[in-house]
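K.L.:
Got a structure for you, written out below as structure tokens; questions coming shortly.
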Amino acid sequence: MQHLSAADSFRALPPNLQQAELAKLSTEAQAALLYDWQFWARPNQIAPEGDWLTWVINAGRGFGKTRAGAEWVRSQVDAGRQRIALIGETYKDLVEVMCFGDSGLASVFPEHQRPKIVANPNVQVTFHTGAIALGYNATQPAQLRGPQFDAAWCDELAKWRYARETWDMLQFGLRLGERPQALVTTTPRPIPVLKEIMADPTTVVTRGSTFDNAGNLAGSFLRKIRDRYEGTRLGRQELNAEMLDDLPGAL
């Protein structure tokens, strides 16, 4: 029989029994468990081991990419990183998804470690360790000329307007510390720069689908997208995160 971790066993319980198990814990233990990402995360939301430089989470919509990205940043702050780049498709995505979204940076730290986030005129996140994250958007690649970092989180790179230019500028800035690393969280599109990043020998790719996170998604949403999109070209890309190079109707 396959060994199940405590987290796997807990998640296998029905909601009423989960509540009963949590009720057995002290208030302090409950609070600590709430922010224990290693306990709650699925294996494909945890950073892989090894000497990689780039980790790509290539996954469908609703997979939990944003939460995985925010939690990875939190782990990097706890590990001693000091200067982190946050890059979103637009300023709006940077603020409303990566910083203040339901699964963004503001939500993943316990109250006593909650980061200070300033979003006007530019995004700056100050963490409890003194580390700082600076926000950029992929509509202005030149913003990345000059700053330097020891880590970066790049969200929805496949949608970036200037994906090549923004990624290249980031590479010149990832020069602090012994081994700067970047995380890319994205639903795929067959753009050349993303394919090159994923094919690079210093990149590790994690794959996943929308349905991996079914337990946290509305049942009506899952039924609707299955009925409308499962098996279609759009569904293969947006739900199953397939990199579709072929063009419809092409020989």
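The values are calculated or read from the model by the stated rules, or taken from the named source; none is laboratory data. Because the structure is predicted, anything quoted here is derived from the model rather than measured. With ideal geometry, Cβ positions are generated from the backbone for all residues, glycine too; neighbour counts draw on all protein chains shown. What goes into the accessible areas is simple: the full protein's heavy atoms, side chains included, and nothing from ligands, DNA or RNA. Shrake-Rupley method; radii C 1.70, N 1.55, O 1.52, S 1.80 Å.
K.L.:
Give the number of residues within segment 49-71 that are farther than 30 Å from Arg226 by Cα, touching a residue at least 40 places away in the same chain (Cβ under 8 Å) and not in a strand (DSSP E or B).
P.N.:
4
K.L.:
Pick from segment 121-153 the residues that are in contact with a Gly (Cβ under 9 Å, 6 or more places away or on another chain), among the hydrophobic types (A, V, I, L, M, F, W, C) and over 24 Å from Phe109 (Cβ atoms): which of them is surrounded by the fewest Cβ atoms within 10 Å (Cβ to Cβ)?
P.N.:
Per the criteria, the residue is Leu144.
K.L.:
Give the residue that is least open to solvent (accessible area, probe 1.4 Å), with candidates limited to residues of segment 188-227 that are farther than 20 Å from Ala85 by Cα, in contact (Cβ under 8 Å) with a residue 60 or more places away in the chain and hydroxyl-bearing (Ser, Thr, Tyr).
P.N.:
Thr210
K.L.:
Which residues, taken from segment 145-169, are in contact with a strand residue (DSSP E or B) (Cβ under 6 Å, 6 or more places away or on another chain) and closer than 12 Å to Ile84 by Cα? Full working, then the answer.
P.N.:
Our first condition is that a residue be in contact with a strand residue (DSSP E or B) (Cβ under 6 Å, 6 or more places away or on another chain); within segment 145-169, this holds for 149-158.
Phe149, Asp150, Ala151, Ala152, Trp153, Cys154, listed by residue number.
K.L.:
Taking the stated definitions as given, is Gln30 open to solvent by less than 60 Å² (accessible area, probe 1.4 Å), in a helix (DSSP H, G or I) and more than 27 Å from Thr185 (Cβ to Cβ)?
P.N.:
So Gln30 does not fit the description; no.
K.L.:
Against the conditions (1) within 30 Å of Asn122 (Cα to Cα); (2) among the polar types (S, T, N, Q); (3) at pLDDT below 95, where does Thr232 fall short? Just the number, please.
P.N.:
With respect to (1) within 30 Å of Asn122 (Cα to Cα); (2) among the polar types (S, T, N, Q); (3) at pLDDT below 95, Thr232 is out only on (1).
K.L.:
Ok, one more. What do you reckon, is Arg11 modelled with pLDDT under 85, among the charged types (D, E, K, R) and within 22 Å of Ala59 (Cβ to Cβ)? Let's see the steps before the verdict.
P.N.:
Values: modelled with pLDDT under 85: yes; among the charged types (D, E, K, R): yes; within 22 Å of Ala59 (Cβ to Cβ): yes.
Considered against the rule, which asks whether it is modelled with pLDDT under 85, among the charged types (D, E, K, R) and within 22 Å of Ala59 (Cβ to Cβ), Arg11 comes out as yes.
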